[in-house]
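**Q** Here's a structure for you.
What follows is calculated from the coordinates using simple rules that are stated; it is not laboratory data. This is a predicted model, so every value here is computed, not measured. Note that we place each Cβ from the backbone using ideal geometry, even for glycine, and neighbour counts take in every protein chain shown.
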Amino acid sequence: MNQERKFSCPNTKQSQVDHWQEKTAEIIGQTIGTSLIDYLRRRTRNFDLELEGGQNLDYLQDTPFILVANHIKTKGLVIGERDLNITPDAFILERSIEDLAGRRPQIVASSDFGFIWHKNPAATQIQKKVESWRDSVLTGANFIPIKRGEGKVNLKFFRATKNALSQNTPIIIFPEGNSYWDHEQETPLKDGVAILAKRNKVPILPARIEGATSWSPKSPISITFKEPVSPDQSIEEIMHLVRSGISTR
């Protein structure tokens, strides 16, 4: 009597492993990640802020919008002996929008490294696993992950931003893609923010932030909100206004 033998597809098993790894990473984001983020938010509550242009948010009270700002390089946050390489500017902007508009925005954060570690296939696979884990941790911590690497597909990012904006939740994006000690006119900007605004038919609120170079600032941090940018313009026109808005106070 022939016994029927059952075979399992290796790809199916790997998919199940990947699924549970992603779920585990999301739980880590929801627990440990959220606790760390709340700690960082409390840290920024002690910062002395000087806000200008708050009236520009009056036009956006009942409208979802995309806040764009220059991304400031900072002396890293050190816990124990480890530099977490986390900048305070996103949390400062988040706090300001929540105070002025009564809504807590979602922050867009990079889930990949923006470059390839090594062309070796084994190293590439390890990098993909690490970046996938980071993506899930960020999702669990209520960030919107984005992949910066050239040629990366960001379908999950576009779905997440559409969902947030449809619920009247502002989002924060740094169009420079990297942090700098100061924004220069020649610093390249990612035009994805213009595409995102046009796709979702929402305005962009440019902001210029200065002084957020440390988690223990010695002087006030200034934020200047500029006039909202309508999505009913060309991508080139939108990006020109975005660059102008984040470059000068």
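**Q** Rank these for me by crowding, ARG243, ARG159, going from fewest to most other beta carbons within 10 Å.
**A** ARG159, ARG243
**Q** Ok, one more. Among the listed pairs LYS73/LYS128; LYS73/LYS198; LYS23/LYS147, which have their C-alpha atoms separated by more than 24 angstrom in this model?
**A** Flagged as over cut-off: LYS73/LYS128; LYS73/LYS198.
**Q** Give the order of LEU57, LEU155, LEU67, LEU40 when sorted by the count of other beta carbons within 10 angstrom, beginning with the fewest.
**A** LEU155, LEU40, LEU57, LEU67
**Q** Order these by the 10 Å Cβ neighbour count, fewest first: PHE65, PHE158, PHE143.
**A** Fewest-to-most ranking of PHE65, PHE158, PHE143: PHE158, PHE143, PHE65.
**Q** Oh, and also: Sum up the charges of everything whose Cβ sits under 10 Å from the Cβ of ARG41, counting Lys and Arg as +1 and Asp and Glu as -1, but leave ARG41 out.
**A** The answer is +2.
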